[in-house]
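Visitor: Following this message is one structure expressed as structure tokens.
All of the numbers you see were taken from the coordinates with simple rules; none came from a lab. Since the structure is predicted, the reported quantities are computational estimates derived from the model, not experimental observations. Cβ atoms come from the backbone with ideal geometry, glycine included; neighbour counts cover every protein chain shown.
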Amino acid sequence: MVCRESGSLVCVKKGANIIRNGGVVSFPTETVYGLGADAFNPDAVRQIFALKGRPADNPLIVHIDTLYWLDFLYEYIPDYARAMMENLWPGPLSIILPAKGSVPSVVRGGLPTVAVRMPAHPYALKLIEYAGTPIAAPSANLSGRPSPTSAQHVFEDFGDKVFIIDGGSVAVGVESTVVDATDVPLKIYRLGAITPEDIQKVTGKPVEIHVKPKDGRPLSPGHAYRHYAPEKPLHVFKDEEAFMRFVEEHGAIAIALEKYRDITDRFISLGSDEKDAAARLYMALRDADRMEGEVIAALMVENEGVGMAVNERMSRAATYIHGGE
């Protein structure tokens, strides 16, 4: 069910009670909606995998509301990792470090590390506070589908199987940046609104981008498997002319920045810039599935800042990529 007591914390308190009793709750963050359970309750966390159809070796992110919980989650915290926490939390950044033995294997995907973040959404923070425990949560969508940026998206995938806290549309729209801080250079396994430059600035350490696992096994949440895909075939383009020609020749549903609106009547706008595109991408993919038309074409945005994350998500969702990756 979708709980919509607007302007109050009634829904959050109900959700916290479900978490405390070993259940699963969908809740808003600034990035996307999460599907959460008590991070220290393996049976509760297994329900998340069952609901999503998520592979068991794909680890989850643990969400916290205060730094107090770090002593129960991390084996140690290097100074440069603490600098990220102090300067970039609350916010869309998940930090990977060696896990304490108290973190269940199901949360870690069997890895010796755990990813933790402090979300920048008041409902998420209050949910964790009222539940009295860190919350393990991936995005609240069926595995492989576009991530949810509204409570309605969660309901489309799960219906009444999940208690959903409606916090309105999210602000960021793409999942958190995931950085491995176990060693230097730091490694980004998933791009998000926090950029490599942001991380390097606060840590003074070199940062590398490793968004594709070498052996196929995910080393962090969101690091493997085809994600974010609509049901219709999605063609993703790097080149503007090729994109426009494809839309005209195939009568495709077009997803692009607003300036391309006139190319077809079947157009879904990503807004005026890369920040808008991040907030609108997943909604656009879901809307395209509902529109008349058999194929979708999307044009990548400028590949800098959060635009890097937008393009990476498009590539992961694509049936075909034109012009290389």
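Visitor: Measuring from label point to label point, each 7 Å out along Cα→Cβ, what is the ASP262 to ASN303 span in nm?
Guide: Between ASP262 and ASN303, the simple spin-label model gives 2.9 nm.
Visitor: Pulled fully out, how much extra length does the chain show between ARG46 and SER272, if you take 0.36 nm times their separation in residues and subtract their Cα-Cα distance?
Guide: 77.3 nm
Visitor: Right, another one. Which value does Rg/Rh take for the chain over its C-alpha atoms, Rh per Kirkwood?
Guide: Numbers: Rg = 19.1 Å, Rh = 19.8 Å.
Ratio of gyration radius to Kirkwood radius for the chain: 0.97.
Visitor: What number, in nm² with one decimal, is the all-direction average of the projected area of the convex hull of the alpha-carbon atoms of the range 234-322? Write down the numbers at each step before the final one.
Guide: Values: hull surface 19.3 nm².
Its Cα hull, projected and averaged over all orientations, spans 4.8 nm².
Visitor: Here's a follow-up. Under 15 Å from a point 7 Å along the Cα-to-Cβ line of PHE72: which residues of the range 82-109 have their amide N that close?
Guide: 100-104
Visitor: Hey, another quick one. Per the Cauchy relation, a quarter of the hull surface: what is the mean projected area of the convex hull of the alpha carbons in the range 88-200, in nm²?
Guide: Projected over every direction and averaged, the Cα hull of the range 88-200 covers 7.9 nm².
Visitor: Can I ask one more? Gap in Å between the Cα centre of the range 118-144 and the Cα centre of the range 243-286?
Guide: Answer, in whole Å: 31.
Visitor: Can you tell me how the range 1-134 classifies by the Cα gyration tensor, rounded, prolate or oblate, using a/c under 1.5 as the rounded cut?
Guide: Oblate is the answer for the range 1-134, as a/c is 1.5 or above yet b/c matches or exceeds a/b.
Visitor: How much length, in nm to one decimal, is gained on full extension between VAL202 and GLU241, taken as 0.36 nm per residue of separation minus their Cα-Cα distance? Intermediate results must be reported in sequence, preceding the final value.
Guide: Details: separation 39, 0.36 × 39 = 14.04 nm, distance 3.94 nm.
Extra length from VAL202 to GLU241 when fully extended: 10.1 nm.
Visitor: For each pair in LYS201/LYS275; LYS187/LYS232; LYS161/LYS212; LYS13/LYS52; LYS187/LYS238; LYS212/LYS275, compute the distance between the two Cα atoms and list the pairs where it is over 28 Å.
Guide: LYS187/LYS232; LYS161/LYS212
Visitor: Moving on to the next point. So which trypsin sites (Lys or Arg not before Pro) in the range 1-59 end up in coil per DSSP with only 16 or fewer other C-beta atoms within 10 Å?
Guide: Filter output for the range 1-59: ARG4.
Visitor: Sticking with this one: Looking at ALA288, GLY323, VAL103, which one has the Cα that reaches farthest to the positive end of the dipole of the chain (charges on Cβ: Lys, Arg +1; Asp, Glu -1)?
Guide: Comparing the listed Cα positions along the dipole, VAL103 ranks first.
Visitor: I'd like the chymotrypsin sites (Phe, Trp or Tyr not before Pro) in the range 62-102 restricted to DSSP loop residues with at most 11 other Cβ atoms within 10 Å, sorted by number.
Guide: Numbers: sites: TYR68, TRP69, PHE72, TYR74, TYR76, TYR80; in loops: TYR76.
Those satisfying the criteria are TYR76.
Visitor: Okay, moving on. Average projected area of the Cα convex hull of the range 136-207, in nm²? Walk me through the intermediate numbers first.
Guide: Numbers: hull surface 24.0 nm².
Orientation-averaged projected area of the Cα hull: 6.0 nm².
Visitor: If R₀ is 30 angstrom, what is the calculated FRET efficiency for the pair GLU86 and HIS210, using the beta carbon separation as r and rounding to 0.05?
Guide: Computed FRET efficiency for GLU86 and HIS210 comes out at 0.75.
Visitor: Tell me, what is the FRET efficiency for ARG290 and GLU5 to the nearest 0.05, using R0 = 30 angstrom and their Cβ-Cβ distance as r?
Guide: Details: r = 28 Å, r/R0 = 0.94.
Here the calculated transfer efficiency is 0.60.
Visitor: Please compute the contact order of the chain in relative form: average sequence separation of alpha-carbon pairs under 8 Å and at least six residues apart, divided by the residue count, as a percent.
Guide: On the way: 770 pairs, mean separation 62.2, N = 325.
It rounds to 19 percent for the chain.
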